[in-house]
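Accompanying notes for the structure given below.
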Amino acid sequence: MLVLPKGIRHIPGFLSRSAQEDLVEVIRLVVAEAPLFTPEMPRTGKPMSVRMTNCGPLGWVTDKERGYRYQPVHPITGRPWPALPDRLLDLWREMSGFEGPPEACLVNYYGPDAKMGLHQDRDEQDLAAPVLSISLGDACLFRVGGLRREDRTVSFRLDSGDLVLIGGESRLAFHGVDRLYRGTSTLLKREGRINLTLRRVTPWRGEGNGG
Ligand code: MD3
Ligand code: FE
């Protein structure tokens, strides 16, 4: 039996086929307004194999010169990110157990050969809030470890319609995507995978939130 690190909840098959199709449709609208861009590693400028965009008041971006950060505008168009679609806000309210709304939805697009190396998500100020991940399209092999890069990892498959909720002591766990399982889903028009992550960036209960 596979034991996940404490604070990580995998919910296989949460979204029905029609809910997945609706999400793909709203993501197409987001991408039409905020085109996918190729993120670069800080300092080296090495391109990542995943392409990205965002919706919500803040979006995660990275480039050679300025590195990892959240910003309110698209790095190429300079326009504000599209609003967070209601369906995603509803899903966050239903699943996150967190009072405040998410501020960023990072949209990752994996072509058949894309992967994501082991990393931590630590560019958010509010680490008390969970991260909610939604997988669409081809399945992938996902890997999660501990708070140190050297810690033992466990791997499991993420299929289209699966959710992963990450919180508590795993919020800073190392994780990555080793590979895609090509052709395992008919959801998208072509091979590939979309992952959405809903995140809180700035502290909730700060100014103006009653705290
Ligand atoms: C475990 N995305 O965008 S989502 C990322 O499938 C990212 O595209 C992966 O890692 C993907 O940063 C994984 C699941 C996930 C997201 C955040 C986590 C797992 C996590 C944060 C801490 C531990
Ligand atoms: Fe991550």
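Readers should treat all values here as calculations from the given coordinates under stated rules, not as data from a laboratory. Predicted model, so just to flag it, every value in this text is computed and none were measured. Because the Cβ atoms are built from the backbone with ideal geometry, glycine has one as well, and the counts that use them run over all protein chains shown.
Key figures for this structure:
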{"item": "Counted residues, region 130-146 - those being in a loop (DSSP other than H, G, I, E, B) and within 14 Å of ligand 2 (Cβ to nearest atom)", "result": "2"}
{"item": "Pairs where the first residue, in region 102-131, is under 17 Å from Arg190 (Cα atoms) and aromatic (Phe, Trp, Tyr) and the second is more than 10 Å from ligand 2 (Cβ to nearest atom) and not in a loop (DSSP other than H, G, I, E, B), C-beta under 6 Å, 6+ apart", "result": "Tyr109/Arg51; Tyr109/Ile194; Tyr110/Leu180; Tyr110/Arg193"}
{"item": "Count - residues of region 81-108 that are farther than 23 Å from Val177 by Cβ and part of a helix (DSSP H, G or I)", "result": "6"}
{"item": "Meets criteria (among the basic types (Lys, Arg) and in contact with a Phe, Trp or Tyr (Cβ under 7 Å, 6 or more places away or on another chain)) for Arg171", "result": "no"}
{"item": "Test: residue in region 70-86 that is within 15 Å of ligand 2 (Cβ to nearest atom) and within 30 Å of Asn209 (Cα to Cα)", "result": "yes"}
{"item": "Restricting region 110-127 to residues that are outside any loop (DSSP other than H, G, I, E, B) and within 9 Å of ligand 1 (Cβ to nearest atom), the residue that is surrounded by the most Cβ atoms within 10 Å (Cβ to Cβ)", "result": "Tyr110"}
{"item": "Considering residues of region 141-174 that are among the hydrophobic types (A, V, I, L, M, F, W, C) and within 22 Å of Val26 (Cα to Cα) only, the residue surrounded by the most Cβ atoms within 10 Å (Cβ to Cβ)", "result": "Val164"}
{"item": "Residue count for region 36-48, restricted to those that are in contact with a strand residue (DSSP E or B) (Cβ under 9 Å, 6 or more places away or on another chain) and farther than 19 Å from Gln120 by Cβ", "result": "4"}
{"item": "Those residues of region 156-175 which are on the phi > 0 side of the Ramachandran plot and either without any contact (Cβ under 8 Å) to a residue 40 or more places away in the chain or not in a loop (DSSP other than H, G, I, E, B) (or both), in sequence order", "result": "Gly168"}
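Per-residue answers, yes or no, for (1) within 24 Å of Pro39 (Cβ to Cβ); (2) touching a residue at least 60 places away in the same chain (Cβ under 8 Å); (3) among the hydroxyl-bearing types (Ser, Thr, Tyr):
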{"site": "Val144", "(1), (2), (3)": "yes, yes, no"}
{"site": "Val154", "(1), (2), (3)": "no, yes, no"}
{"site": "Thr184", "(1), (2), (3)": "no, no, yes"}
{"site": "Lys189", "(1), (2), (3)": "yes, no, no"}
{"site": "Leu198", "(1), (2), (3)": "yes, yes, no"}
